[in-house]
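Encoded as structure tokens, the structure appears first; notes follow it.
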Amino acid sequence: MTLYLLRRIASAIGILLLISLFTYAIFFLLSPDPAVQICGKTCTPDRIDQIRAQLGLDQPFWQQYLEFIRGIVMGRSYGEGASAVSCAAPCLGFSFQTNESVMDMITARFPVTATVAIGAAVLWLLVGVSGGLLSAVKQGTGWDRGAMMVALAGISLPNYFLALLLQYVLVVQLQILPFPQAVPFAEDPVRWFQNYLMPWIVLALGYASMYARLVRSNVIDTLGENFMRTARAKGLPAPLILRRHALRPALTPVVTLFGMDFAGLLGGALITETVFGLNGVGKLAADSIAKNDQPVIMGVTLLAAFFVVIGNVVVDVAYTFLDPRVRVKSA
Amino acid sequence: MSSSVPSELTTVAEEVGAPVGAPTPARRVIATLRSSPPVLLSVAFIVLVVLLAILAPLITAISGWGPYTFDKSAVDSDLGGVPIGNLGGISAEHWFGVEPGNGRDIFARIAFGAQVSLSIAVSATIVTTVLGVVLGMLAGFYGGWVDQVVSRVMDFLMAFPSLIFMIALLSALPAGNRPVLLVVVLSLFGWPYTARVVRGQAMSLRTSEFVESARASGAGGIRIVFREILPNLRGTIIVLATLAVPGYIGTEAGLSFLGVGVTPPTPSWGQMIATAVGWYAVDPMYFLIPGTFLFLTVLSFTVLGDRLRKALDSGDAAS
């Protein structure tokens with residue numbers, strides 16, 4: 001088990017390094033000279049050289065990349081002597097636009113993204129799993145068919161379109177919700193909830209639909225297994241069978257999927273945050289891409305990849321606890 | 001590029017309906033699908049959108065308004081450019097109304113937008129299907145180092161935060177030919193999802209009896225892969241491809257919505273919704289029309305793919 005875990009972590013780090021290299025190379029090759037960009041309009045060739053030297057942009061590609069990785073692991077400092085700026089580990093560099101530390105920018109905006117992601121995840125698990133279960137139990141009925149039709153529609157509805165629809169119907173027409181505005185929880189919990197409600201729904205709908213479909217088909221498959229017939233032959237009441245015997249095998253794949261989806265939410269949050277103007281990491285990514293702020297793009301891409309890779313490891317490990325068959329094999 | 005739209009659809013239809021004569025699995029699937037109202041509605045809508053895309057130049061010639069023609073007389077410049085008339089200026093002149101501000105005809109932009117969206121999605125589907133099937137089959141059939149290499153590349157690409165990366169990549173790339181760039185980027189991150197499924201199936205077919213017999217009669221590896229394994233994957237491939245199309249339509253629209261996809265003035269549904277964001281309160285039709293087209297197109301392909309899979313799964317001869 002320990003060996004397995006170590007191997008998984010090693011391959012995760014390998015993938016992260018590859019992703020960072022790939023991303024770094026692409027921006028190194030494709031982007032216009034950042035020094036010119038930072039320097040602005042009143043610029044002299046001397047000043048450009050100075051900025052290049054300060055940021056280490058005069059170094060060859062490999063050296064720059066290694067410096068970047070070293071900065072993440074042990075911190076680094078830019079420039080020399082009195083003008084040197086130190087950047088503690090994990091250092092992702094400084095924004096070309098605002099000179100802020102990328103790490104600080106991300107941590108400052110992270111709570112918003114976490115709020116959006118966690119709220120949406122709670123919503124989609126509740127709706128998706130319970131909807132799927134109900135559909136499976138009432139298989140073939142009008143409810144089942146209706147719910148599955150809604151789920152198909154939910155998968156197909158682009159989230160930015162849903163965002164506009166909700167805003168138009170709930171805010172403009174019915175005026176149930178106020179116009180979304182960032183209000184901290186401590187200041188006004190009701191307003192805070194109203195503010196996040198639409199982003200949660202928008203981010204959750206697609207996943208909830210997918211999960212409802214998955215849970216339904218898994219539960220139906222499980223109900224057809226031999227051990228379910230045994231349980232029924234023992235005379236157990238149907239709800240108990242469902243609770244005690246069917247749920248675990250049917251929901252284990254959902255845990256796997258949830259781990260991956262939750263870890264990959266940073267990508268989904270990008271559109272949601274942009275549409276609702278929430279100042280989270282996703283919006284930070286969109287803004288920095290619009291301004292071609294390479295260090296920030298690098299930082300957010302790496303963070304997103306980090307979550308996906310870590311999510312994979314966590315899911316694999318969780319699986320060995322949830323599914324006894326896997327545990328036996330790996331032992 | 002629009003010519004690729006009908007060819008893809010007809011090849012799928014031909015493949016499904018090819019064996020004429022005795023009741024074959026393909027005929028059974030078609031019969032099942034034909035009796036399902038949701039499938040019929042979906043197919044009808046897809047045909048409608050495809051026709052709209054192909055005939056866009058012709059239809060807009062009849063309607064009289066091209067996708068780039070401004071019509072200042074259709075918007076009220078005193079009210080900041082809101083379309084004149086109810087429902088975003090829908091009239092006999094402008095069938096779907098006009099864009100607020102510059103008065104471009106929305107119907108024409110929907111039709112030409114369909115051309116862009118469909119040709120990008122279908123091209124990306126063809127590229128990823130070919131790549132995914134070939135690499136997946138090779139990895140699954142040969143195993144060993146081939147499988148190792150393909151599987152590691154797939155792990156790597158699937159761990160990528162693809163949406164963020166696609167946006168970053170597209171914004172960093174020089175303008176160039178946007179639709180082609182979109183196809184390349186979508187395909188780069190899309191093929192592992194096809195390859196993963198195909199690989200699994202090829203692995204289980206590797207040890208089957210007909211492969212053994214082909215091997216015994218002296219067939220080489222490549223020949224077995226393409227002559228014996230490939231035909232057995234037909235059903236899976238058709239389902240995967242059908243379900244890939246709505247995925248790419250959605251992603252392309254999303255990228256265009258975020259401003260890194262198809263560049264203006266070329267119309268695209270996602271980009272239309274993006275420009276409609278600033279107008280949603282005063283002119284809801286401007287986002288409702290492209291949004292509804294996008295939603296129904298994605299839904300139709302999803303329903304079709306979903307029912308196709310069910311029909312194929314329900315019979316024992318799944319191919």
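The values are calculated or read from the model by the stated rules, or taken from the named source; none is laboratory data. This is a predicted model, so every value here is computed, not measured. Quick reminder, even Gly has a Cβ in these numbers, built from the backbone with ideal geometry, and neighbours come from all protein chains shown.
Observations
- When each of A:Pro111, A:Pro180 is tested for being within 14 Å of chain B (Cβ to nearest Cβ) and closer than 29 Å to A:Lys291 by Cα, the lone residue that passes is A:Pro180.
- In a residue-by-residue description of segment A:147-154, the property of being without any contact (Cβ under 8 Å) to a residue 60 or more places away in the chain and out of contact with any helix residue (DSSP H, G or I) (no Cβ under 7 Å at 6 or more places or on another chain) applies to at least one position.
- Helices (runs of 4 or more DSSP H) completely within segment A:215-331 that count 1 or more residues being crowded, with 21+ Cβ neighbours inside 10 Å and more than 13 Å from chain B (Cβ to nearest Cβ): A:247-263
- Scanning segment A:18-68 for residues that are assigned to a loop (DSSP other than H, G, I, E, B), modelled with pLDDT of 75 or more and within 14 Å of chain B (Cβ to nearest Cβ) gives no hits.
- Filtered by the rule that a residue be closer than 26 Å to B:Ala281 by Cα and either at pLDDT below 85 or part of a helix (DSSP H, G or I) (or both), segment A:120-162 gives A:Ala120, A:Ala153, A:Gly154, A:Ile155, A:Ser156, A:Asn159, A:Tyr160, A:Phe161, A:Leu162.
- The conditions of being in contact with an Asp or Glu (Cβ under 6 Å, 6 or more places away or on another chain) and surrounded by 24 or more Cβ atoms within 10 Å (Cβ to Cβ) are not met by B:Pro161.
- Segment B:174-199 - residue that is of a type in the set (Phe, Trp, Tyr) and touching a residue at least 60 places away in the same chain (Cβ under 8 Å) and, of those, surrounded by the most Cβ atoms within 10 Å (Cβ to Cβ): B:Trp191
- Hits in segment B:237-270 - residues which are among the polar types (S, T, N, Q) and free of Cβ contacts under 8 Å to residues at least 60 places away in the same chain: B:Ser256
- Among helices (runs of 4 or more DSSP H) entirely within segment B:101-205, having at least 3 residues that are more than 30 Å from B:Arg234 (Cβ to Cβ) singles out B:106-142, B:162-172.
- Residue count for segment B:22-70 under the criterion of being surrounded by 17 or more Cβ atoms within 10 Å (Cβ to Cβ), closer than 16 Å to B:Pro267 by Cα and of a type in the set (S, T, N, Q): the result is 1.
- There is at least one residue in segment A:77-85 that is over 20 Å from A:Tyr24 (Cα atoms), at pLDDT below 80, touching a strand residue (DSSP E or B) at 6+ places or on another chain (Cβ under 9 Å) and of a type outside the set (Gly, Ala, Ser).
- Condition broken by A:Thr113, with the remaining ones in (1) surrounded by fewer than 15 Cβ atoms within 10 Å (Cβ to Cβ); (2) under 18 Å from A:Phe258 (Cβ atoms); (3) of a type outside the set (A, V, I, L, M) satisfied: (1)
- Taking the listed residues B:Thr297, B:Thr292, the one that is facing chain A (nearest Cβ under 9 Å), crowded, with 22+ Cβ neighbours inside 10 Å and of a type in the set (S, T, N, Q) is B:Thr297, with no other qualifying.
- Taken over segment B:244-271, the criterion of being within 11 Å of chain A (Cβ to nearest Cβ) and over 30 Å from B:Leu308 (Cβ atoms) is satisfied by B:Leu258, B:Gly259, B:Val260.
- Here the condition is being in a helix (DSSP H, G or I), without any contact (Cβ under 8 Å) to a residue 40 or more places away in the chain, closer than 30 Å to A:Leu257 by Cβ and not aromatic (Phe, Trp, Tyr); of A:Leu165, A:Leu205, it holds for A:Leu165 alone.
- Considering residues of segment B:95-114 that are among the β-branched types (Val, Ile, Thr) and touching a residue at least 40 places away in the same chain (Cβ under 8 Å) only, the residue surrounded by the most Cβ atoms within 10 Å (Cβ to Cβ): B:Ile106
- Failed item in (1) surrounded by fewer than 19 Cβ atoms within 10 Å (Cβ to Cβ); (2) under 19 Å from the mean Cα position of the chain (by Cα); (3) over 30 Å from A:Val219 (Cα atoms), with A:Tyr196 passing the rest: (1)
- Single match in A:Ala163, A:Ala136 (criterion: more than 14 Å from every other protein chain (Cβ to nearest Cβ) and surrounded by 18 or more Cβ atoms within 10 Å (Cβ to Cβ)): A:Ala136
- A single entry from B:Phe112, B:Phe107, B:Phe141, B:Phe165 fulfils the requirement of being closer than 22 Å to A:Leu270 by Cα and of a type in the set (A, V, I, L, M, F, W, C): B:Phe165.
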